[in-house]
1. Which of the residues that make up the range 292-314 are assigned to a helix (DSSP H, G or I) and either in contact (Cβ under 8 Å) with a residue 24 or more places away in the chain or closer than 15 Å to residue 331 by Cα (or both)?
2. Does the range 246-257 include one or more residues that are assigned to a loop (DSSP other than H, G, I, E, B), acidic (Asp, Glu), touching a helix residue (DSSP H, G or I) at 6+ places or on another chain (Cβ under 8 Å) and at pLDDT 95 or above?
3. Any idea which residue in the range 208-225 is nearest to residue 256 (Cα to Cα), counting only those that are surrounded by fewer than 19 Cβ atoms within 10 Å (Cβ to Cβ) and not charged (D, E, K, R)?
4. Quick one: in the range 221-243, of everything that is at pLDDT 95 or above, not aliphatic (A, V, I, L, M) and not in a helix (DSSP H, G or I), which residue is farthest from the chain's Cα centre (by Cα)?
5. Only one residue in 91, 132 is among the aromatic types (Phe, Trp, Tyr), touching a helix residue (DSSP H, G or I) at 6+ places or on another chain (Cβ under 8 Å) and either surrounded by fewer than 22 Cβ atoms within 10 Å (Cβ to Cβ) or touching a residue at least 12 places away in the same chain (Cβ under 8 Å) (or both). Which one?
6. Answer yes or no as to whether residue 354 is in a loop (DSSP other than H, G, I, E, B) and closer than 28 Å to residue 249 by Cβ.
7. In the range 255-268, which residues are in contact (Cβ under 8 Å) with a residue 60 or more places away in the chain, of a type outside the set (Ser, Thr, Tyr) and surrounded by 13 or more Cβ atoms within 10 Å (Cβ to Cβ)?
8. For the range 20-29, indicate whether the set of residues that are within 30 Å of residue 177 (Cβ to Cβ), surrounded by 16 or more Cβ atoms within 10 Å (Cβ to Cβ) and in contact (Cβ under 8 Å) with a residue 24 or more places away in the chain is non-empty.
Amino acid sequence: MELTGGLTLRTAEERDLEQVCALLAERGDPADAEDLLLVARDPHEGLDSVMVVADGDRIVSTATLLRETVVIGGVPTPAGQVEMVATDQAYERRGLVRALMDEAHRRSTARGDLLQVMIGIPFFYRQFGYSYTMPIPLTRELHTIPVAEATIAVRPATEADIPAMAALQDIAQAGADVRMPHSPGCWRWVVRRAGSVQLVAERDGRIIATARSTPPEEDTVVGEIAGDAAGIRAILATAAAQGEATVIERPSTALDGILDDIATPTPMPDRTREWFYSRVDAVAPLLEHLRPVLVQRFREAGLGGRHEVLLSSWRSHVRFTIDSDGMSSVEAGGPEQTPGVKGGAGVPPDQLAPLLLGPFGAAGLEARHGDVRLNRIRDLMEVLFPPMRSDLLTYYLAY
C-alpha cells in the first residue's frame with residue numbers, strides 16, 4: 001500500500017527484522033525486540049502478523065496483529081490484538097500509526113475477527129475506535145510473607161509445563177463472563193521471553209499453581225495467579241523473598257482468600273483503576289455470533305412474548321426479534337436518530353464494546369452517559385446486556 005511521501009505500508013519480510021527490532025528497542029524496551037522475534041518466528045503467528053512502513057529500505061514504523069479468542073458467555077469469539085507499535089521519531093506526526101491501525105483492523109476483519117482488544121497508552125487508541133471497556137485488575141502490596149509448605153517447590157516454567165498451566169488458568173477463568181486465555185503461541189512466548197518470568201509451584205511432581213512475574217532486575221509484580229491456595233502461597237513467598245512485592249488481584253479465584261491477610265488494600269480503587277481497550281466496528285455480525293448467549297439470557301429472565309430490538313448507534317442501527325424459542329437474523333441499517341420514538345434504544349459507537357463486554361451493563365452505561373438511552377425497552381436491554389465480569393490473559397502482564 002502506497003502512502004504519501006513515497007512511503008510503503010506492507011507485510012514485514014525477513015530482511016526487515018533487524019531494523020524492526022532496533023526500532024522497537026529504541027522507542028520502547030530492549031525486551032520488545034525479543035518479543036517481536038518470538039512472534040515472527042512462531043508458527044502460530046509468523047511474519048505475516050508484522051506490518052511495517054518503509055521509506056525505501058528504511059523501516060520507519062511498525063505494528064503487529066496477534067490472533068486471540070475472547071470467550072463471551074461461553075461462546076468463543078475470534079479477535080485481534082495490536083501490539084508492538086513504534087514509529088521512528090523523525091517520522092512522527094505523519095499518520096503512520098493511523099495507517100497501520102487501519103490496515104490491522106482491515107486484516108483482522110478479513111480473517112473473521114469480530115472485535116479487537118488491546119492494552120495501550122492512555123487516550124491514544126481511542127482515536128482509532130477503541131473504548132475503555134474491561135477493568136484491569138488492581139494491584140496490592142504484600143505486607144506479610146506467606147508461609148509456604150516445605151513440600152512445595154517453585155521454579156521457572158518450561159514448555160513442557162504449558163498443558164498443566166493452561167488447565168489451571170482455565171479453572172481460574174471459568175467463572176468469568178468474558179475471558180481471554182493465552183493462545184497456543186502466546187503460551188510459548190511467555191515461557192521463552194526474558195521480559196517476564198513464568199512460574200510454577202510443584203508438589204510431588206505435580207504442578208498445583210502458576211503465576212507470572214516481572215524479571216528479577218525490576219520491582220517484583222506477580223500476576224496471572226492460578227491454582228490451589230497452598231501453591232499460590234508458595235509462589236508469593238518466593239516472590240516476597242526477593243524484596244518488596246506487588247500482587248495483581250484476581251477476583252473470585254483462590255487468590256481472593258489469601259490476599260486480605262497478607263496484602264494492603266488498594267486506596268481509592270475507582271480512581272486508580274486501569275482499563276483494557278476494545279473495539280467493535282460492526283455490531284451486527286457480533287450480535288449474530290452471540291445469538292445463543294442472548295437467547296439464553298432471555299429464557300433465564302422468564303420474559304414472555306416476542307420482542308423486537310432496535311439498537312441505534314445514532315449513525316447506524318441493527319434490528320432483530322427474540323423470544324424463548326430463538327432469535328431472528330440481525331439486520332443492519334443506516335443512521336437512526338430517533339430510536340426512542342420507534343420503540344428502540346440508542347447506544348453511541350464508542351459504548352457498543354462496553355455494552356457487550358463491560359462491567360456496567362446497559363443500565364449502568366445509561367446512568368453514566370447522556371447519549372445512552374434505553375427508552376421503552378430498558379427492561380429488555382438490561383436482560384440482554386447485563387454487567388459482565390472479565391478475565392483476560394495478555395502477552396504483556398497487565399497492571
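1. Here is the first cut: in the range 292-314, the ones assigned to a helix (DSSP H, G or I) are 292-301.
Across the range 292-314, the qualifying residues are 292, 293, 294, 295, 296, 297, 298, 299, 301.
2. Within the range 246-257, the first condition is being assigned to a loop (DSSP other than H, G, I, E, B), and the residues that meet it are 249-255.
With acidic (Asp, Glu) added as a condition, the list becomes 249.
Narrowing further to those that are touching a helix residue (DSSP H, G or I) at 6+ places or on another chain (Cβ under 8 Å): 249.
Now narrow it down to the ones that are at pLDDT 95 or above: 249.
Looking for residues that are assigned to a loop (DSSP other than H, G, I, E, B), acidic (Asp, Glu), touching a helix residue (DSSP H, G or I) at 6+ places or on another chain (Cβ under 8 Å) and at pLDDT 95 or above, one finds at least one in the range 246-257, hence yes.
3. Step one: filter the range 208-225 for residues surrounded by fewer than 19 Cβ atoms within 10 Å (Cβ to Cβ), giving 215-219, 221.
The next check asks that each one be not charged (D, E, K, R); those that pass are 215-216, 221.
Working: 215: 24, 216: 25, 221: 17 Å.
Ranking the candidates gives 221 first.
4. 228
5. Numbers: 91 fails: touching a helix residue (DSSP H, G or I) at 6+ places or on another chain (Cβ under 8 Å).
Every option except 132 fails the conditions.
6. Details: in a loop (DSSP other than H, G, I, E, B): no; closer than 28 Å to residue 249 by Cβ: yes.
Answer is no for this residue.
7. Filtering the range 255-268 for residues in contact (Cβ under 8 Å) with a residue 60 or more places away in the chain gives 258-259, 261-266.
Add one more test, that the residue is of a type outside the set (Ser, Thr, Tyr), and what stays is 258-259, 261-263, 265.
258, 259, 262, 263, listed by residue number.
8. Within the range 20-29 (the criterion being within 30 Å of residue 177 (Cβ to Cβ), surrounded by 16 or more Cβ atoms within 10 Å (Cβ to Cβ) and in contact (Cβ under 8 Å) with a residue 24 or more places away in the chain), the answer is no, since none of the residues qualifies.
The values are calculated or read from the model by the stated rules, or taken from the named source; none is laboratory data. Values in this document were obtained by computation on a predicted structure and should not be read as measured data. When we count neighbours, we look across all protein chains shown, and the Cβ atoms used for this are built from the backbone with ideal geometry, even at glycine.
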